[in-house]
Amino acid sequence: MPPEGGLSPAAETAAGPSQTETFQAGTGASAEPSVEERLEAANDQIARLKTEIEEIRDKYMRTLAEQVNFRKRMAREKEEAQKYAVSALLVDLVGILDDFDRSIDASRAATDIASVVEGIEMIRRHLSNLLENKYGLKRYVSKGQVFDPNLHEAMFAVPGNVAEPMVDEEFLPGYKLHDRVVRSAKVKVTMPAPSAPAPSASKEEPASVAEPESAPGDADTSASPDA
C-alpha cells in the first residue's frame, strides 16, 4: 500500500526523473567556462585590440607624413613664388634695356641732338605706359593741389597768401600702385601767412580824462582884478 500523500515507488519510476535529478542536469548545462577558456578568450581579444591599434597607428603616421610633406611643399612653392614673382616685370624691363641699347648705338652716329632726345622720350613713354597699363603703377599730379601728408612729403614750406597749405612746387613725382602710395611726392608747400596779432591792452592809447568843471565862484574870483 502506498504511503499517504505520495506515490508508490513504481509510480515514481514511471513519472520520470525526480526534481533533484532535473536540477543537477540544469546546473551542469549552465556551468561557467573554465579558466583555460576564459584565458583563451582574453588572449583573442588582446590580439584583436593590438591589430586595431596597429591599424590606427599606421593611419596616423601616414596622415602625419602627408601633412609634413604638404607643409614642405607649400613652403617651397611660396619661396619659389617670391623668388620669381617679378619675372614677368623683368622680362618687360629687359625689352626696355634693349631699346636703350639701340638708342645709345644710334646716338653715337647721330648728328642731330633733337633726334636723340626724341628717341629717349619715346623709350620713356613706352616704359611709363607699360608700368601703368600692365602693372597699375601710376604717377599722380601734386603741383597746385592741397597738401596731403598721405600723398606729399614737404621738403620745406614758405608762407604765402593762401587759405590752406598748397603744393607750390614738385621736386620728385609721387607714384601709386593701384590705390596704394608706393612713393610720396617730394614738394614745396606754401603755408597760410600768420595773421597780424591783435594789439594788447597795454599798448592801447589812454582814454582822455575830462577836466573837472570849475565852480561859479571860482570863475568870478579868477576873472576879478586884485583889490
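The values are calculated or read from the model by the stated rules, or taken from the named source; none is laboratory data. The structure displayed is predicted, hence computed values, not measured ones. Because the Cβ atoms are built from the backbone with ideal geometry, glycine has one as well, and the counts that use them run over all protein chains shown.
Filter the range 143-156 for residues that are among the small types (Gly, Ala, Ser) and modelled with pLDDT under 95 and give the result.
Within the range 143-156, just 144 meets the criteria.
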_Considering only residues that are surrounded by fewer than 10 Cβ atoms within 10 Å (Cβ to Cβ) and of a type in the set (Ser, Thr, Tyr), which ones fall in the range 56-86?_
none
*When residue 84 is evaluated against the numbered criteria (1) over 20 Å from residue 137 (Cβ atoms); (2) under 45 Å from the mean Cα position of the chain (by Cα); (3) not β-branched (Val, Ile, Thr), which criterion, by number, is the only one it fails?*
(1)
_Odd one out for residue 174, checked against (1) within 29 Å of the chain's Cα centre (by Cα); (2) surrounded by fewer than 15 Cβ atoms within 10 Å (Cβ to Cβ)_ = (2)
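Looking only at residues that are of a type in the set (A, V, I, L, M, F, W, C) and exposed (fewer than 10 other Cβ atoms within 10 Å of the Cβ) in the range 28-46, which one is modelled with the lowest pLDDT?
Within the range 28-46, the first condition is being of a type in the set (A, V, I, L, M, F, W, C), and the residues that meet it are 29, 31, 35, 39, 41-42, 46.
Next, only the ones that are exposed (fewer than 10 other Cβ atoms within 10 Å of the Cβ) stay: 29, 31, 35.
Working: 29: 49, 31: 68, 35: 87.
Looking at the filtered set, the residue picked out is 29.
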*Checklist (1) over 30 Å from residue 178 (Cα atoms); (2) within 29 Å of the chain's Cα centre (by Cα) applied to residue 89, failing item*: (1)
*asked:* Can you tell me which residue is surrounded by the fewest Cβ atoms within 10 Å (Cβ to Cβ) among those in the range 124-167 that are over 30 Å from residue 91 (Cα atoms) and of a type in the set (Phe, Trp, Tyr)?
replied: 156
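Take the residues of the range 177-197 that are in contact (Cβ under 8 Å) with a residue 40 or more places away in the chain and in a strand (DSSP E or B): which is surrounded by the most Cβ atoms within 10 Å (Cβ to Cβ)? Reasoning before the result, please.
Taking the range 177-197 as the starting set, the residues that turn out to be in contact (Cβ under 8 Å) with a residue 40 or more places away in the chain are 177-178, 182, 185, 187, 189.
Filter once more, so that each one left must be in a strand (DSSP E or B): 177, 182, 185, 187, 189.
Details: 177: 13, 182: 11, 185: 23, 187: 25, 189: 20.
Top of the filtered list is 187.
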*Looking for whichever is surrounded by 10 or more Cβ atoms within 10 Å (Cβ to Cβ) and in contact (Cβ under 8 Å) with a residue 12 or more places away in the chain here; the options are 53, 120. Which one fits?*
120
